[in-house]
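Undergrad: One structure is given below, represented as structure tokens, and several questions about it will come after.
The values are calculated or read from the model by the stated rules, or taken from the named source; none is laboratory data. Please read all numbers here as calculations on a predicted model, not as lab measurements. Neighbour counts are summed over all protein chains in view; Cβ atoms, including those assigned to glycine, are modelled from backbone coordinates with ideal geometry.
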Amino acid sequence: MDKVGLKSLWRRAGSLLVAVTALLLLRCGEEGEFNPAAPEVRLIILTELAATPNLVSVSGGQAVLSGRVIDENDDPLTGAEVFFEANLGTITPEDTTTDADGRFSVDYRSGDEPGVDTVAVIVE
């Protein structure tokens, strides 16, 4: 299907595309100030992001948002706090923690407005 056909399908179906925005965060010292010499400094990487399905209908369409949190050595971060915020839909729960393999998942439900929803994902 070409781009015009996809746009047409998008409009006819009145669907909502779930786009996940990932942030890479550099963890700072406990005081919140960046200090490259601090032993607490580490890179937190949000990877394997997925929305299944990635196209949902308006007014209650559902998807599962999932991902994995690792450090700079590709080791999973167990117990990392993950926070979510959606512009057009709702996410349940709004925050969660990663499991022993650094994985998380939450439920997304579309709102009443058609459009592309950007979901902010923040890891601490």
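Undergrad: Pick out, from region 43-124, the strands (runs of 3 or more DSSP E) lying fully within it that include 2 or more residues that are out of contact with any Asp or Glu (no Cβ under 9 Å at 6 or more places or on another chain). Give the derivation first.
TA: Numbers: elements: 55-57, 62-71, 81-86, 90-92, 95-97, 103-109, 115-123.
In region 43-124, the matching strands (runs of 3 or more DSSP E) lie at 55-57, 62-71, 103-109, 115-123.
Undergrad: Which residue is surrounded by the most Cβ atoms within 10 Å (Cβ to Cβ), if the candidates are limited to region 66-99 and must be farther than 17 Å from Glu124 by Cβ and of a type in the set (A, V, I, L, M, F, W, C)?
TA: Ala86
Undergrad: I'm trying to understand the selection: among the residues of region 53-68, which are β-branched (Val, Ile, Thr) and under 13 Å from Asp117 (Cβ atoms)? So that I can check it myself, show each step before the final result.
TA: Step one: filter region 53-68 for residues β-branched (Val, Ile, Thr), giving 56, 58, 64.
Scanning region 53-68 gives Val56, Val58.
Undergrad: Related question: Test Gly102 against the stated conditions and say whether it is at pLDDT 90 or above, exposed (fewer than 15 other Cβ atoms within 10 Å of the Cβ), closer than 14 Å to Glu124 by Cα and not aliphatic (A, V, I, L, M).
TA: Numbers: at pLDDT 90 or above: yes; exposed (fewer than 15 other Cβ atoms within 10 Å of the Cβ): no; closer than 14 Å to Glu124 by Cα: yes; not aliphatic (A, V, I, L, M): yes.
So Gly102 does not fit the description; no.
Undergrad: Leu46 versus (1) modelled with pLDDT under 90; (2) surrounded by fewer than 19 Cβ atoms within 10 Å (Cβ to Cβ): which is the lone unmet condition?
TA: With (1) modelled with pLDDT under 90; (2) surrounded by fewer than 19 Cβ atoms within 10 Å (Cβ to Cβ) applied to Leu46, the lone miss is (2).
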